[in-house]
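Contents: one structure, followed by commentary.
The values are calculated or read from the model by the stated rules, or taken from the named source; none is laboratory data. Predicted, not measured: the structure shown is a model, and the values here were computed from it. Note that each Cβ is placed from the backbone with ideal geometry, even for glycine, and that neighbours are counted across all protein chains shown. Surface areas here come from the heavy atoms of the whole protein model, side chains and all, with no ligands, DNA or RNA. Shrake-Rupley method; radii C 1.70, N 1.55, O 1.52, S 1.80 Å.
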Amino acid sequence: MASTENGQGRLLTAARTFIQREVDALVMISQPVEGEGMDELLDWDGPILVIHRRTPKAALDYVGMDNVGGAEAAVRHLAELGHRRIAFIEGPRLSSSAREWLAGYRKAVQELGLESNPALVCSGDYTLSSGFHAARRILAAERRPTAIVAANDLMACALMDIAVHMGLTPPKDLSVIGFDDVFISSFPQIALTTVRQPVAEIGRAAGRRLLDRLSADATVPRDVVLPAELVVRASTGPAAIRPRPVRKLTESDLEAHLRHRWRPTTEVYP
């Protein structure tokens, strides 16, 4: 096993090491499978299985969640609660799963006839820091959304923190949905509505698929896509009839808040 810290250089170094040790297969979980240097790895003769992220460069075995369906379920849940102006904080564009979540959001918005505006989509990169800054930009808008879907739970938690700092009370003033269902999302103080990643099922499916590939009967790569599950908690509620004014928060105010509230004792907020 090797941890790459989402770095492509570390990924290639680890992969070369494993191949030199004559492993039978490689499994890459949420790795940057696009970019310079990947051709060398993709030319390897052994089976490669990717989890969560696809690559357009080669036909590889893939195991992951129905990200499009998960995003659609999130938006539909909010629409059923009366929300018409729903924003989305996306993940990094190099991530295929992030692109699928964005596609699912846009598909649901179109099918349900909800308000569609490029300004309702805000960039993010799965980190707390990007969630804080995206939240300030979205909530400072003249016509702010009544609900926001974030591409992971970490950004959703950052979003709720900034919403409270700006004078809003989720879910009364703002409904929030994340993705992943990390363990803190079920804490009563957070109670985040989220799209659950079927982690154990993905692991079992990957193991079964590898055993199939290492047999003589299953040499053609294929996709294994598992259904998503929306877990409804206390961070979503009916759309507010009269939006509450928000407290002004400039970029410098945000930086001061983060330095005070999120002291850089770790790399969470560098």
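Please count how many residues of the stretch 230-239 are in a strand (DSSP E or B) and surrounded by fewer than 16 Cβ atoms within 10 Å (Cβ to Cβ). Step through it out loud before you land on a result.
Going residue by residue through the stretch 230-239, those that are in a strand (DSSP E or B) are 230-231.
Remaining after also requiring surrounded by fewer than 16 Cβ atoms within 10 Å (Cβ to Cβ): 231.
Counting residues in the stretch 230-239 that are in a strand (DSSP E or B) and surrounded by fewer than 16 Cβ atoms within 10 Å (Cβ to Cβ) gives 1.
Let me spell it out: the conditions are (1) under 24 Å from V68 (Cα atoms); (2) open to solvent by 40 Å² or more (accessible area, probe 1.4 Å); (3) at pLDDT 90 or above, and L211 meets all of them except one. Which number is the exception?
(1) is the only condition that L211 fails.
Out of the stretch 106-127, which residues are part of a helix (DSSP H, G or I) and either in contact with a strand residue (DSSP E or B) (Cβ under 9 Å, 6 or more places away or on another chain) or open to solvent by less than 70 Å² (accessible area, probe 1.4 Å) (or both)?
Within the stretch 106-127, R106, A108, V109, A119, L120 meet the criteria.
Matching residues to (1) of a type outside the set (F, W, Y); (2) without any contact (Cβ under 8 Å) to a residue 40 or more places away in the chain; (3) in a loop (DSSP other than H, G, I, E, B):
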| site | (1), (2), (3) |
| --- | --- |
| F179 | no, no, no |
| I184 | yes, yes, no |
| I190 | yes, no, yes |
| E201 | yes, yes, no |
| A206 | yes, no, no |
| L210 | yes, no, no |
| A216 | yes, yes, yes |
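Name every residue in the stretch 24-37 that is under 18 Å from R213 (Cβ atoms) and open to solvent by 50 Å² or more (accessible area, probe 1.4 Å), in order of residue number.
D24, V27, I29 - these are the residues of the stretch 24-37 that are under 18 Å from R213 (Cβ atoms) and open to solvent by 50 Å² or more (accessible area, probe 1.4 Å).
Among the residues of the stretch 214-229 satisfying the criterion of being β-branched (V, I, T) and modelled with pLDDT under 90, which is least open to solvent (accessible area, probe 1.4 Å)? Steps first, answer last, please.
Initially, the stretch 214-229 is screened for residues β-branched (V, I, T), giving 219-220, 224-225.
Checking the rest, the ones that are also modelled with pLDDT under 90 come to 219-220.
Working: T219: 91, V220: 107 Å².
Top of the filtered list is T219.
Across the stretch 128-148, which residue is least open to solvent (accessible area, probe 1.4 Å) among those that are touching a strand residue (DSSP E or B) at 6+ places or on another chain (Cβ under 9 Å) and part of a loop (DSSP other than H, G, I, E, B)?
Result: P145.
Write out, first by first residue and then by second, each pair whose Cβ atoms fall under 6 Å of each other, whose residues are 6+ apart or on separate chains, and whose first residue, in the stretch 54-73, is in contact (Cβ under 8 Å) with a residue 60 or more places away in the chain and crowded, with 21+ Cβ neighbours inside 10 Å while the second is in a helix (DSSP H, G or I) and aliphatic (A, V, I, L, M).
V63/I202; V63/A205; V63/A206
Could you grab me the full set of residues in the stretch 149-185 that are under 30 Å from S30 (Cα atoms) and open to solvent by 10 Å² or more (accessible area, probe 1.4 Å)?
Across the stretch 149-185, the qualifying residues are N152, L154, C157, M160, D161, D180, D181, V182, F183, I184.
I'd like to check something: does the stretch 154-168 contain any residue that is closer than 22 Å to V109 by Cα, aliphatic (A, V, I, L, M), at pLDDT 95 or above and not in a helix (DSSP H, G or I)? Walk me through it before giving the result.
Pass one, the stretch 154-168, residues closer than 22 Å to V109 by Cα: 155-156, 159.
From what is left, the residues that are aliphatic (A, V, I, L, M) are 155-156, 159.
Subsequent filtering for residues that are at pLDDT 95 or above retains 155-156, 159.
Subsequent filtering for residues that are not in a helix (DSSP H, G or I) retains none.
Within the stretch 154-168, none of the residues are closer than 22 Å to V109 by Cα, aliphatic (A, V, I, L, M), at pLDDT 95 or above and not in a helix (DSSP H, G or I).
Inspect the stretch 214-221 for any residue being closer than 19 Å to Y62 by Cα and of a type in the set (D, E, K, R) and give the result as yes or no.
yes
Quick test of your reading of the structure: R144 fulfils all but one of (1) touching a helix residue (DSSP H, G or I) at 6+ places or on another chain (Cβ under 9 Å); (2) farther than 21 Å from A79 by Cα; (3) at pLDDT below 95. Name the failing condition by number.
Here R144 meets the rest and fails (2).
Got a sec? Which of R213, R222, R196, R209 is touching an Asp or Glu at 6+ places or on another chain (Cβ under 9 Å), of a type in the set (K, R) and under 14 Å from N152 (Cα atoms)?
Values: R213 fails: under 14 Å from N152 (Cα atoms); R222 fails: under 14 Å from N152 (Cα atoms); R209 fails: under 14 Å from N152 (Cα atoms).
The unique qualifying residue is R196.
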